[in-house]
Amino acid sequence: QVQLVESGGGLVQAGGSLRLSCTASGRIFSIGTMYWYRQAPGTQRELVASIESGGNANYAAFVKGRFTISRDNAKNTVSLQMNSLQPEDTAVYYCFLQGLGNPYSKLLVNWGQGTRVTVSS
């Protein structure tokens, strides 16, 4: 199993920036795509951004141009640089990933606790 630990959240004023980080630990053979999701109170978890092992990144329309996802393959980490934050970005942010535990089986990934981001107006 893989454990995910997110960090970097906090309280910031509108227009401010935060950088989130996530570290994966466990028996990992390889990691494919890594993701950031978020969940605001009373809503479903939604995809924010993803990044493939080769570095190709995709973003939800509501964060494009403001957020940047990156990864460090050597450290099994994924980060999310968030700029121009708005009150509607307030949510708990979670990372996730796909990968292999060995050459023949997929990783069993547990969601982490997330990191809370609060943006005040």
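The values are calculated or read from the model by the stated rules, or taken from the named source; none is laboratory data. Keep in mind that this is a model prediction, so the values were computed, not measured. Every residue, glycine as well, gets a Cβ built from its backbone with ideal geometry; the counts of neighbours run over all protein chains shown. The accessibility values were calculated without ligands, DNA or RNA, using every heavy atom of the protein model including side chains. Shrake-Rupley method; radii C 1.70, N 1.55, O 1.52, S 1.80 Å.
Quick notes on this structure:
- The chain: radius of gyration and largest Cα-Cα distance (Dmax), Å: 14.2, 49
- Accessible surface of the chain [probe 1.4 Å, protein heavy atoms]: carbon and sulfur percent: 47
- Modelled FRET efficiency - R0 22 Å, residue 116 with residue 72, Cβ distances, 0.05 increments: 0.40
- Probe 1.4 Å, protein heavy atoms only - accessible area per residue of the chain in square angstrom: 54
- Considering only the chain, percent of DSSP beta bridges that pair antiparallel, nearest 5: 90
- Most to least accessible of 105, 121, 79 (protein chains only, probe 1.4 Å): 121, 105, 79
- Percent of Cα pairs in the stretch 54-113 per distance bin of 5 Å, from zero to the largest separation: 4, 13, 22, 22, 19, 11, 6, 3, 1.
- Choice from 38, 66, 19 showing the highest fluctuation, given a GNM over the chain with Cα pairs closer than 10 Å: 66
- Ellipsoid equivalent to the stretch 1-53 - semi-axes via the Cα gyration tensor, in Å: 24, 14, 12
- Evaluating 6.51 cos²θ - 1.76 cosθ + 1.60 at θ = phi - 60° for every residue in the stretch 110-121, the Karplus couplings come out as 9, 5, x, 7, x, 10, 8, 10, 10, 10, 8, 8 Hz, glycine and proline recorded as x.
- Modelled FRET efficiency - R0 41 Å, residue 17 with residue 104, Cβ distances, 0.05 increments: 0.45
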